[in-house]
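Below is one structure, written out as structure tokens; comments come after it.
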Amino acid sequence: MTRYLIHGGRPLHGSIEISGAKNAAVAILPAALLINGKCRIENVPQISDVTLILQILRELGADVRAVNKTTVEIDCSHIHNKPVPYELARKIRASYYLVGALLGRFGWAQVPPPGGCNLGGRPIDQHIKGFVAMGADVEVRNGLIHARVEGGRLRGGQVYLDMVSVGATMNIMLAAALAKGMTVIENAAKEPHIVDLANFLNSMGANIMGAGTDVIKIRGVESLQGGFYSIIPDQIEAGTYMAAVAAAGGEVLIKNVIPKHLDCITAKLVEMGVDVEELDDAVLVRRTGPIRRTNVKTMPYPGFPTDMQPQIAACLCLAKGTSVLTEGVWENRYRYVDEFRRMGARIQVDGKVAVIEGVGMLTGAQVHACDLRAGAAMVIAGLAAQGDTEIDGVYHIERGYESIVEKLSNVGADIRIVYIPGDEARIQAG
Ligand code: EPU
């Protein structure tokens, strides 16, 4: 088991290259199951969630070949449908996309319920509602989601989502791509990765209109063929490094981004006294003065992303004055607060609201990364803190951030990976 050891208090200077978007990749790679032919996918992030999905595709008989570090060729022409192995699927949230993709291609799917970060209840009733609207029967039995459609092919259906759901929107798009007739998703999510999945499928021959708006229409086609595609840059990875500069100070050019996707994060950082200059495919982030307090409410895109909530909280702990943070998406995304308190933060949580009294300076401590974004927030807090911070549970961070230690070291952070013998025993015992 590894931990991160950070000696804080060093401003960051230089440039960081952003990788492909995790939450696009984890849908686009399963989408390859729908394609009869070879697809070449570029800008694939090297993170453990991607490794797991590629392993699942191989289990299903896909021919998966790494062309280079960030490009993969997948040929699903000769896959055989079978129950997805529990040991692989339970580790990631995105395993639910296998239901939409396999149901769309074969008319049936057996997939274990998804794992991923513990953010409170994470139901998938809206995904199921979509599959049912397309004629499928879905039930959970013997630890597997069983989905099946009579006759082997879904038919177009009308789905109004009860709440804006990224996963349900993408899963219904996957299932509908090869269905007979038109599927309409209303109250659809609008995140950049929704548009990316639609662009991927369309470039392979699908007919999807309206992605990026709240009504998406998918006219099912007979088959999809192979092609090339490059995944968009990761909005949240970019936002995380922007927050790191805000917290630690300094000046960093964050490269390979779509600045428009960052507007919701940039606007808050500017309110907090951080300079952000937008370039064509980069943002220059600079913080020299004090951080100012502000209020933040997380919302579906184009609102402030919930996946940036813990990272912005780290910055607000360092601000002058009191800030109010409201979580508008997940039931329980404040499990990290106790870890911040060990570093001297003053935060009170009441339901979905956290009141953060800025303390100006945090102090290094031994802390735990309780989930992916909380782990990123611990790194940010550690970079800004006085003294040493040791973070365990870093496998959560590595699910979603490619080479985080290397990228931060390259801009002057004092961060390194340490191996602690005996951690395995402790974790297994826990
Ligand atoms: N919801 C339901 N029923 C459903 C689906 C969702 O009640 O069938 C609720 C959820 O409980 C939540 C809200 O709707 O309160 C939104 O959930 P959504 O479906 O949008 O989330 P998700 O698809 O499970 C993805 C990302 C999350 C990110 C959310 C919101 C992936 C694999 N995960 O989750 O990413 O927080 O969208 O943007 O794409 C992360 O990357 O750290 C992460 C947790």
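The values are calculated or read from the model by the stated rules, or taken from the named source; none is laboratory data. As the structure is a computational prediction, the values presented were derived from the model and not from experiment. Note that we place each Cβ from the backbone using ideal geometry, even for glycine, and neighbour counts take in every protein chain shown.
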Odd one out for GLY157, checked against (1) surrounded by fewer than 18 Cβ atoms within 10 Å (Cβ to Cβ); (2) without any contact (Cβ under 8 Å) to a residue 40 or more places away in the chain; (3) more than 8 Å from the ligand (Cβ to nearest atom): (1)
Do we find a residue being over 25 Å from the mean Cα position of the chain (by Cα), modelled with pLDDT under 95 and surrounded by fewer than 21 Cβ atoms within 10 Å (Cβ to Cβ) anywhere in region 316-338? yes
Residues satisfying the stated conditions in region 283-311, i.e. out of contact with any helix residue (DSSP H, G or I) (no Cβ under 9 Å at 6 or more places or on another chain), more than 16 Å from the ligand (Cβ to nearest atom) and assigned to a strand (DSSP E or B): LEU284
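A quick yes/no check of all residues on (1) within 17 Å of GLY220 (Cβ to Cβ); (2) out of contact with any Ser or Thr (no Cβ under 7 Å at 6 or more places or on another chain); (3) more than 13 Å from the ligand (Cβ to nearest atom):
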| site | (1), (2), (3) |
| --- | --- |
| PHE106 | yes, yes, yes |
| GLN126 | no, no, no |
| GLY130 | yes, yes, no |
| VAL164 | no, yes, no |
| ALA168 | no, yes, no |
| GLY181 | yes, yes, yes |
| ILE185 | yes, no, no |
| LEU197 | yes, yes, no |
Quick one: which residue in LYS82, LYS91, LYS69 is surrounded by fewer than 21 Cβ atoms within 10 Å (Cβ to Cβ) and within 16 Å of the ligand (Cβ to nearest atom)? LYS91
Mind counting the residues in region 312-347 that are within 12 Å of ILE291 (Cα to Cα), outside any strand (DSSP E or B) and more than 16 Å from the ligand (Cβ to nearest atom)? 6
Do the conditions hold for LEU29, that is, is it more than 15 Å from the chain's Cα centre (by Cα) and either in contact (Cβ under 8 Å) with a residue 60 or more places away in the chain or buried (at least 16 other Cβ atoms within 10 Å of the Cβ) (or both)? no
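When you check VAL44 against the structure, is it in contact with a Ser or Thr (Cβ under 6 Å, 6 or more places away or on another chain), away from the ligand (no atom under 13 Å from the Cβ) and under 30 Å from LYS255 (Cβ atoms), yes or no? Quick ask: steps written out before the conclusion?
Values: in contact with a Ser or Thr (Cβ under 6 Å, 6 or more places away or on another chain): yes; away from the ligand (no atom under 13 Å from the Cβ): yes; under 30 Å from LYS255 (Cβ atoms): yes.
It is true that VAL44 is in contact with a Ser or Thr (Cβ under 6 Å, 6 or more places away or on another chain), away from the ligand (no atom under 13 Å from the Cβ) and under 30 Å from LYS255 (Cβ atoms).
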Between residues in region 408-428 that are on the phi < 0 side of the Ramachandran plot and residues that are assigned to a helix (DSSP H, G or I) and at pLDDT below 80, which pairs lie under 9 Å by C-beta distance while being six or more apart or on different chains? ILE420/ARG426
Options ASN118, ASN142, ASN187: the member that is surrounded by fewer than 19 Cβ atoms within 10 Å (Cβ to Cβ), closer than 27 Å to PRO233 by Cα and modelled with pLDDT under 95: ASN118
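If you scan region 130-155, which residues turn out to be among the charged types (D, E, K, R) and farther than 14 Å from LEU103 by Cα?
So in region 130-155, the residues among the charged types (D, E, K, R) come out as 137, 139, 141, 148, 150, 153, 155.
Once the filter is applied, which keeps residues that are among the charged types (D, E, K, R) and farther than 14 Å from LEU103 by Cα, region 130-155 yields only ARG141.
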Among the residues in region 358-367, are any assigned by TED's automatic domain parsing to the domain that holds LEU269, modelled with pLDDT of 95 or more, among the hydroxyl-bearing types (Ser, Thr, Tyr) and part of a strand (DSSP E or B)? yes
So if I check each of LEU33, LEU29, LEU57, LEU52, which one is in contact with a Cys (Cβ under 8 Å, 6 or more places away or on another chain) and closer than 24 Å to ALA189 by Cβ? LEU33
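For residues in region 170-179 being away from the ligand (no atom under 15 Å from the Cβ) and within 24 Å of the chain's Cα centre (by Cα), which is surrounded by the fewest Cβ atoms within 10 Å (Cβ to Cβ)? Show your work before the answer.
Applying the first criterion (away from the ligand (no atom under 15 Å from the Cβ)) to region 170-179 yields 176-179.
Checking the rest, the ones that are also within 24 Å of the chain's Cα centre (by Cα) come to 176-177.
Numbers: ALA176: 33, ALA177: 31.
For region 170-179, the residue satisfying everything is ALA177.
Let me confirm something: among ASP371, ASP350, ASP392, ASP388, which residue is away from the ligand (no atom under 16 Å from the Cβ), acidic (Asp, Glu) and either under 20 Å from the mean Cα position of the chain (by Cα) or closer than 29 Å to ILE124 by Cβ (or both)?
When all the criteria are applied, what remains is ASP350.
Considering only region 307-356, state which residues are free of Cβ contacts under 8 Å to residues at least 12 places away in the same chain and either at positive phi or of a type outside the set (Asp, Glu) (or both).
Answer for region 307-356, where residues must be free of Cβ contacts under 8 Å to residues at least 12 places away in the same chain and either at positive phi or of a type outside the set (Asp, Glu) (or both): ARG341, GLN348, GLY351.
Check region 191-201 and report whether any residue there is of a type in the set (Val, Ile, Thr) and assigned to a helix (DSSP H, G or I).
Residues of region 191-201 that are of a type in the set (Val, Ile, Thr), as a first pass: 194-195.
Next, only the ones that are assigned to a helix (DSSP H, G or I) stay: 194-195.
Yes, region 191-201 contains a residue that is of a type in the set (Val, Ile, Thr) and assigned to a helix (DSSP H, G or I).
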Filtering region 1-23 for residues that are at pLDDT 95 or above and assigned to a strand (DSSP E or B) leaves a count of 12
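Report, by residue number, each residue of region 121-131 that is surrounded by fewer than 16 Cβ atoms within 10 Å (Cβ to Cβ) and at pLDDT 90 or above.
Start the filter on region 121-131 by keeping residues that are surrounded by fewer than 16 Cβ atoms within 10 Å (Cβ to Cβ), which leaves 121, 123, 125.
Scanning region 121-131 gives a single hit, ASP125.
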